[in-house]
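What follows is a short report on a single structure.
The values are calculated or read from the model by the stated rules, or taken from the named source; none is laboratory data. As the structure is a prediction and not an experimental result, all values here were calculated from the model. Don't worry about glycine lacking a Cβ; one is built from the backbone with ideal geometry, like all the others, and counts go over all protein chains shown. What goes into the accessible areas is simple: the full protein's heavy atoms, side chains included, and nothing from ligands, DNA or RNA. Shrake-Rupley method; radii C 1.70, N 1.55, O 1.52, S 1.80 Å.
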Amino acid sequence: MESKESTLWRSLGMDLERHDAFLSPLPKVYEEIFLSQPNRPKGMAYFDTVMSGVHSLRVEELVAHKQRGGFVVGTYCVYVPEELILAMGGIPVGLCAGAHFSVPAAEAVLPQTLCPLIKSTFGFYLERICPYMQACDLIVGETTCDGKKKAWEIMAGGLPIYVMELPQKKGPKDEELWQSEVWGLLDEIRTRFHAQMPSVQSLQNAIHKVNRKRSALKALYALRQNDPPPISGKDSLLISQLAFFDDPERFGSQVEALNEELKARVGRGEGVAPKGSPRLLIAGTPMPLPDWKLHHILETSGGVAVAEETCTGTRYFEASVQGDAKTQEGLIESIADRFLGVHCACFSPNPERIEDILRLAKSQNADGVIYATLPFCQTYQLEFPRVQEALREAGIPLLSIESDFSDEDAGQLSTRIQAFLEMIGK
Ligand code: BJ8
């Protein structure tokens, strides 16, 4: 008899054979990367459960929500306001993919010389192996980089895609444009799902929920400032990745509970690596699930990641929405204004990102920075020289890495990271 999960996946139109081939190596990989870590915080058990049920338990919740008349909205960028989707009765989920498995399928259609994040995501679309993508009633793309915006055009042939125009500067005209784009998304949701204009109460509730999740992640990162860090970079990365899928309220309270445990560990001087281990800030492009390669190599080479200046890190949660406006318009304006506090390399000029990297290197007591970009991501690669100059002036060692989601370069990366850790001299 078919399992409950298979029935669920079949109902979403997934290719069960390819999905099985995609998922079957995961438990072993997860065991090796996460479960084998010594002295892991007990609070990670919740996130292990979320991860083990990421294609089943959470998807069941989404389907149940749809059956109750709700809707699911997929997003590809941290600028898309999840507060608005929640306030209007939807559930937002992040759809960026970080798996090499689906890249070959994408390369049959797209140029090989394209960012692996786009190829991986596009491969999920072609192969029908992502239950989240399959469950979406609407998918919101955005005009951040050329690769993404052209991929949406092709994917719109088979998926309900709506594209928001993200400005590339942050002046008054750009703010105005983004305000109108956020209203445009609101109108799209109203029309498509016959949804009501969100009330002040529902907007405030959604802002509160998402802000609480972001604050919990901020507090988690602050705890990583300690030496020894009470949690590994790998586990922190996993938590940030799961923030895009899990129920925001439940997730927020679980991160808060974990933070309490971490505080107690700090009080006892207990950590996941010996005191004095080399501490690295990771800066660059996002690392969507299940991309754990760099962190795993770093942390099995004697180093420890103490923060991620990425969209699966600080760019996701550092900027919050001011929720004190008293009107619908005021609250929607605040939701849109959050974009000013997120510093993606798609903006020009973008000096705030360099300031963020310097600030984080200092606050997290980092001994060095690993600037990690995906191949063919021009915006992040072109920001490198200015980051390099700023770090040189600040006397902070820097290693630049360009790597995709495959394991082909693992040996070479490991050699380079070990040499960097030796150079840091700890
Ligand atoms: S806010 S980083 S999530 S755009 S897809 S830009 S890696 S070439 S993902 Fe992003 Fe929003 Fe910015 Fe964050 Fe480069 Fe690849 Fe483009 Fe990418």
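Scanning the range 325-346 for residues that are open to solvent by 30 Å² or more (accessible area, probe 1.4 Å) and touching a helix residue (DSSP H, G or I) at 6+ places or on another chain (Cβ under 8 Å) turns up 326, 327, 328, 333, 337, 340.
Considering 379, 285, the condition of being surrounded by 22 or more Cβ atoms within 10 Å (Cβ to Cβ), among the polar types (S, T, N, Q) and within 15 Å of the ligand (Cβ to nearest atom) is satisfied by 285 alone. Right, residue 77: within 14 Å of the ligand (Cβ to nearest atom) and crowded, with 24+ Cβ neighbours inside 10 Å or not? Answer is no for this residue. On the stretch given as the range 159-174, residues that are within 15 Å of the ligand (Cβ to nearest atom), in contact (Cβ under 8 Å) with a residue 24 or more places away in the chain and open to solvent by 30 Å² or more (accessible area, probe 1.4 Å) total 3. Just one residue in the set 329, 355, 333 is free of Cβ contacts under 8 Å to residues at least 60 places away in the same chain, within 28 Å of residue 202 (Cα to Cα) and either within 16 Å of the ligand (Cβ to nearest atom) or in a helix (DSSP H, G or I) (or both); that residue is 329. Test residue 314 against the stated conditions and say whether it is within 16 Å of the ligand (Cβ to nearest atom) and either over 18 Å from the mean Cα position of the chain (by Cα) or polar (S, T, N, Q) (or both). Answer is yes for this residue. Sort out which residues of the range 178-234 are of a type in the set (Ser, Thr, Tyr) and out of contact with any Asp or Glu (no Cβ under 8 Å at 6 or more places or on another chain), and write them in order of number. Answer for the range 178-234, where residues must be of a type in the set (Ser, Thr, Tyr) and out of contact with any Asp or Glu (no Cβ under 8 Å at 6 or more places or on another chain): 180, 191, 199, 202, 215, 221.
Every residue, every condition in (1) more than 19 Å from residue 376 (Cβ to Cβ); (2) touching a Pro at 6+ places or on another chain (Cβ under 9 Å), yes or no:
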{"position": "96", "(1), (2)": "no, yes"}
{"position": "99", "(1), (2)": "no, yes"}
{"position": "105", "(1), (2)": "no, no"}
{"position": "108", "(1), (2)": "no, no"}
{"position": "111", "(1), (2)": "no, no"}
{"position": "117", "(1), (2)": "no, yes"}
{"position": "121", "(1), (2)": "no, yes"}
{"position": "129", "(1), (2)": "yes, no"}
{"position": "135", "(1), (2)": "yes, no"}
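The residues of the range 134-158 that are surrounded by 22 or more Cβ atoms within 10 Å (Cβ to Cβ), aliphatic (A, V, I, L, M) and not in a strand (DSSP E or B), listed by number, are 135, 151. Of all residues in the range 30-46, those that are assigned to a loop (DSSP other than H, G, I, E, B) have Cβ atoms under 7 Å from Cβ atoms of residues that are surrounded by fewer than 17 Cβ atoms within 10 Å (Cβ to Cβ) and not acidic (Asp, Glu), 6 or more apart or on another chain, in 43/257.
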